[in-house]
Amino acid sequence: MPEQIGTGNFQAVAARVSRTLGAATTDTFDVAVMSCLEEFGRFTGADVAFATLVDDHERISDDWHWIRPGRRATAPPIGSPLRETFASVVEVLRLGNTVAVADLAEIELAPSERRLATVNGLRAIVLVPVRMGTSLLGITGLQVLERPRSWQRAEIEQAELVGQLLVQAVSRTRERGARAAADVRARRIAEFIPDGLLLLSPEGTVAWASPSFLGMSGRPVADVVGDSIAALVHPDDGTVVSAALSDAQRGQTVTTTVRVRGRDAWRWTEASWHLASEPGSGAPDEIVVSLRDAHDRYLRTERLAAASERDSLTRVANRTRLDRVLEDLAARDANLTVAFCDIDGFKDINDRFGHDVGDGVLRTVAEALVAAVRPRDLVARVGGDEFAVLVVDDDGADSFLGERLVAAVRGSMGPDGPAVTVSVGVSPAGPAGAGPDLLRQADAAMYRAKRAGKDRWTWALRG
């Protein structure tokens, strides 16, 4: 007879079963299932409570049996076909119908079923199929040995509910276990991937770093995990990282080039940012950052770019470099003063002294102009004997720029060289976005300086 029967009591049993299964991990799941089967078996007064799972070929893949102390029963072997144990009712179970038998001695059974029932002394049984869609996942049930048993409708419904709880818990725990195993495998694989890998929280905190990244950065894991991704890159790249993190949070996959602290110095890396989702719910839960060391390639690219933007004779910037710098300065709303310089009488120098001397004059003038401005300013050769000078963010304070440039070139060839001077036009400070206009104004001012006698400078006219 059941130890306790009643809807209220069963609700308490079901709640405990649900809590026990919900808290189970892959390591504790077997114990949790057996505990729940025992509680339900004792509650219903059954001698055996069981849960059996089947694979896609309806072979038994897992089996848990609680048997009342003092009783003895034999469970079907793992891997055996379900039909060998439940031959006469397999079709009914496949359809999702519960089977309840009060006395097996009074019904016809298949020979294999009769042998199993006789060996175990089985007389009464409840079989509850658990399905997902149309697929049979397993069977849970209750058995009574040596005596018939009439099953109440409430007990059958209770068995059906417990069966659902058990199989759902198995599915959840196996999914967690599979994900954990996949995570372990992925991290093992990551140990052999040369690219660095970081897993970030959606807010940008490092949750995990691959061994290759730790080797790349030369930092111990304790200094990386828990830190912000922004703290791992060069301070000047903080804006790039912030923008990439924002794009990744919105689900965009982006690639950036940033500097990451290496063992001895900052190294350029190519970073790809991707928002990953939790497999079960699909909710975005981490950002994956792949970092590939691109330092040598970046420097080669920069050297090639610099070479393509440098005048081959004078080694100062060329017109291509000038135009790109103007665009960059305009993008950051910089203030700009522009000077336009032209060597006085350069054709006569070439005709009188030859082109080799003329080339030397060009190189010397370029060096004199570079020496007359700050390192952050730009000198560019924009024509045969014409140079442009960009002075950045001086706010108009450099009122002696033209005089300084003229003086720097005057006498730069020394006492043994030809006399070399320049005429200079200077456009007063203005926004870099108006750079082309400032260049034109300075060019016009330069021609006025030539007409006024050369070896001098003049301000550009506004308007």
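Structure notes:
- Dipole magnitude (debye, nearest 20) for the chain, charges at Cβ of Lys, Arg, Asp, Glu: 220
- The convex hull around the C-alpha trace of the chain, projected and averaged over every direction, spans 35.5 square nanometres.
- 0 to 90° range, to nearest 10: angle between helix 355-371 axis and the chain longest Cα axis: 60
- A Stokes-Einstein calculation at 4 °C with viscosity 1.567 mPa s, built on the Kirkwood radius of the range 305-385 over Cα pairs, returns a diffusion coefficient of 94 µm²/s.
- The GluC sites (Glu not before Pro) of the range 101-170 that DSSP puts in a loop, and whose beta carbon has at most 15 other beta carbons within 10 Å, are GLU108, GLU146.
- Accessible area per residue for the chain is 51 Å², calculated with a 1.4 Å probe on protein heavy atoms, without ligands, DNA or RNA.
- Global geometry of the range 1-148, whether rounded, prolate or oblate, following the gyration tensor of its Cα atoms and the 1.5 cut on a/c: oblate
- From the alpha carbon centroid of the range 356-426 to that of the range 44-82 is 94 Å.
- For the range 330-394, trypsin sites (Lys or Arg not before Pro) meeting the loop criterion (DSSP other than H, G, I, E, B) and having at most 13 other Cβ atoms within 10 Å: ARG332, ARG376.
- A 1.4 Å probe over all protein chains sorts LEU197, LEU37 by accessible area into LEU197, LEU37, starting with the largest.
- Surface composition of the chain: carbon plus sulfur atoms contribute 52% of the solvent-accessible area (1.4 Å probe, protein chains only, all chains present).
- Projecting the Cα atoms of LEU232, ILE343, VAL89 onto the charge dipole of the chain (Cβ charges, centred on the Cα centre) puts VAL89 farthest toward the positive pole.
- Values of log10 I(q)/I(0), in the order q = 0.15, 0.19 Å⁻¹, for the range 347-439 under a Debye, Cα-only, solvent-free model: -0.61, -0.91
- Rounded to the nearest 10 square angstrom, TRP457 shows an accessible area of 70 square angstrom against a 1.4 Å probe.
- Along the axis of the charge dipole computed for the chain (Cβ charges of +1 for Lys and Arg, -1 for Asp and Glu, origin at the Cα centre), the listed residues ALA408, ALA276, VAL420 are led at the positive end by ALA276.
- Fraction of antiparallel bridges per DSSP, the chain only, in percent to nearest 5: 95
- Computed helical MRE - 222 nm, the chain, DSSP H runs ≥ 4 contributing -39500 (n - 2.57), nearest 500: -13000 deg cm²/dmol
- Simple point charges give the picture: +1 on the Cβ of Lys and Arg, -1 on the Cβ of Asp and Glu, and for the range 1-140 a dipole about the Cα centre of about 240 debye.
The values are calculated or read from the model by the stated rules, or taken from the named source; none is laboratory data. Computed from a predicted model, the values in this text were never measured in an experiment. Note that we place each Cβ from the backbone using ideal geometry, even for glycine, and neighbour counts take in every protein chain shown. All accessible areas refer to the heavy atoms of the entire protein, side chains included, with ligands and DNA or RNA removed. Shrake-Rupley method; radii C 1.70, N 1.55, O 1.52, S 1.80 Å.
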